[in-house]
Amino acid sequence: MSLLEVHAGHVGSSKIEVIGDDSSDGRNRTIEIISDVVSSLTDFSPSGLSTWVTEGLRSDAGTKPRRELVINLYEEITGVLSASGVAPDDVEATRLYLRAQREDWMPPFNSIQDRGLVIAAYRAFLRDLVDRASITTDQFILDSIRILETFSWRMRRETEGYDFILVDELQLFDPQERACLELLGRTKTGVPFISAEDPSQGVFSSLNARHSTTPNKPVYLETLHRFKKGIFDFISFIYRQFPLNALPLRIENSSDDDIIRPVHYICDLGEDPVETVIAITSNIADSSSSNITTCVITVGEDEGSISDALKMNGIHCTQLKSFDDVEKLAYVRRTVVVSPWEYIGGTQFDQVIVAAIGISQPESQFAKLREMISVYLACSRASQSLYIVTQGYAPSVITSAQEQGLIKSTQL
C-alpha cells in the first residue's frame with residue numbers, strides 16, 4: 001500500500017472514501033452535491049445579493065441560472081476557499097475572505113452578502129461530506145501535496161520516487177494536480193515526463209522547473225482521426241487562445257477544396273434564433289442516415305425551449321439534464337441529443353449545432369475564460385460537421401476565427 005493510499009484510505013480506524021473514480025468524475029459528483037446544497041439554501045434574503053445569485057437561488061434545478069450559480073460555487077470553493085485554506089469554522093480566515101478585495105479571475109461573488117452565501121454553502125457541503133465519510137478528489141489532491149511536501153517524504157523520495165512519469169490527457173490536470181506530479185519524482189536526477197499531447201497540452205516546460213540536459217523529442221501524429229480537417233483547424237485556433245504554453249501541431253496537408261469549414265449562422269435581431277436551430281437540425285435529420293449522431297449544444301439559450309420546439313416539429317430528441325444523463329445515450333434509439341455545454345464533456349457526435357444565443361459580452365477575466373471554455377467544449381464535440389448559431393453578440397473567438405477564414409458565415 002502506497003503512502004497516499006494509507007493517508008487517503010484510513011483516518012484512525014475509519015475508512016474515508018474518495019468521491020468519484022477519477023478527477024473528472026469527482027468534479028461531476030462534487031457539483032451534484034453542491035447542487036443539492038443550493039436547493040437547501042431557502043432562508044437567504046435577496047437583500048444585498050447580486051441579481052444573478054438571487055436568480056440562481058429562485059430558479060429550478062437544472063435551469064441555466066441555477067447551473068451558473070452551482071458551477072460558480074464549485075469554482076469558488078475549490079479554487080479560492082480550499083486553495084487558500086479557508087475553513088468555515090475559522091472565524092478570522094472567514095472574516096478576511098468576506099472583506100477581501102476581489103480579483104478579476106475569481107467568480108463574480110462581488111458583495112459581502114454573496115460571499116456569506118458561499119460560506120453557508122461551503123459549510124453545508126462539508127457537513128454532507130462528513131455524513132458520507134468522504135472527501136472530494138480536489139481535497140485528496142490538496143492533502144497529497146501536503147504529504148509530498150513533508151520532510152518524511154523528502155527523505156524517502158530518492159528511494160521511492162518515480163523514475164519515469166507517463167501522462168495522458170494532461171489538459172484535464174489543474175495546476176494542483178500538475179504540482180503533485182512533480183513531487184512524485186526523484187529530485188537529484190530529474191524525472192523524464194512523457195505525455196500524449198494535443199494543442200492544449202504543451203505545459204510541461206512550465207510544470208517541471210529543472211531543465212533537461214537533452215532537448216525534448218516531440219513525436220507528431222500527422223494524420224487526423226477525430227475531426228475533419230476544417231473542424232480541427234477551428235478547434236486548434238481556439239486552443240491557442242487559452243493562456244497555455246501551446247505549440248501548433250503539424251498535420252498532413254489537404255487542399256483547400258477538400259476542407260469543409262464550420263458554418264456560422266448569424267440571425268438578425270428580428271429573427272427567432274431557435275427557429276434557425278430547428279431548421280438546421282431538421283435538414284440534418286432529413287438528409288442523414290440512421291447511424292449519424294446529432295447533438296444541439298446550448299451556450300446561453302435555455303435548452304428546454306429548443307427541446308420542446310424539436311418535439312413540436314416531429315423530431316425525436318433526448319434532453320440531458322445532469323451529468324448522469326450522458327450514460328442514457330448508450331441505450332436510447334436514434335435521437336437528437338439536446339444538452340447545455342456543461343454536461344457534454346467526453347462525448348462525440350457526427351453533427352453538432354451550437355446555439356450560442358442569449359449571451360452578452362463578458363467583462364471580467366473570469367467571464368471571458370468561461371466563455372472560451374464553453375465554446376471550445378461545445379464545438380469540439382463535432383467530428384464531421386459543425387454549425388454555430390448566434391444573434392446579436394457572438395463570442396470573440398468565433399468572430400476572430402471567422403476573420404481568419406476558419407469558419408464561414410451565412411444566413412438562412
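What to note about this one:
- Criterion violated by PRO262 - all others in (1) more than 29 Å from SER59 (Cα to Cα); (2) open to solvent by 40 Å² or more (accessible area, probe 1.4 Å); (3) not hydroxyl-bearing (Ser, Thr, Tyr) satisfied: (2)
- Of the residues making up the stretch 324-342, those that are open to solvent by 30 Å² or more (accessible area, probe 1.4 Å) and either under 14 Å from the mean Cα position of the chain (by Cα) or within 19 Å of ARG226 (Cβ to Cβ) (or both) are VAL326, LEU329, TRP341, GLU342.
- Residue in the stretch 310-327 that is charged (D, E, K, R), touching a strand residue (DSSP E or B) at 6+ places or on another chain (Cβ under 9 Å) and assigned to a strand (DSSP E or B) present: no
- Restricting the stretch 60-100 to residues that are among the polar types (S, T, N, Q) and at pLDDT below 90 leaves a set whose member that is nearest to SER40 (Cα to Cα) is THR63.
- Counted residues, the stretch 81-92 - those being in contact with a helix residue (DSSP H, G or I) (Cβ under 8 Å, 6 or more places away or on another chain) and part of a helix (DSSP H, G or I): 4
- Residue check for THR94: surrounded by 14 or more Cβ atoms within 10 Å (Cβ to Cβ) and within 18 Å of SER35 (Cβ to Cβ): no
- Test for ASP143: is it touching a residue at least 12 places away in the same chain (Cβ under 8 Å), closer than 29 Å to GLU182 by Cβ, part of a helix (DSSP H, G or I) and in contact with a helix residue (DSSP H, G or I) (Cβ under 7 Å, 6 or more places away or on another chain): yes
- Checked against (1) hydrophobic (A, V, I, L, M, F, W, C); (2) under 26 Å from ASP60 (Cα atoms); (3) at pLDDT 90 or above, VAL352 passes all but condition (2).
- Taking every residue in the stretch 316-327 that is farther than 23 Å from ILE284 by Cα and assigned by the TED database to the domain that holds THR294 and pairing it with any residue that is assigned to a helix (DSSP H, G or I) and not basic (Lys, Arg), at least 6 positions away or on another chain, the pairs with Cβ-Cβ distances below 6 Å are PHE323/ASN28; PHE323/TYR343.
The values are calculated or read from the model by the stated rules, or taken from the named source; none is laboratory data. Note that the structure is predicted; figures quoted are calculated from it, not measured. All Cβ positions, even for glycine, are placed from backbone atoms using ideal geometry, and neighbour counts span all protein chains on display. The area values use the complete protein model at the heavy-atom level, side chains included, leaving out ligands, DNA and RNA. Shrake-Rupley method; radii C 1.70, N 1.55, O 1.52, S 1.80 Å.
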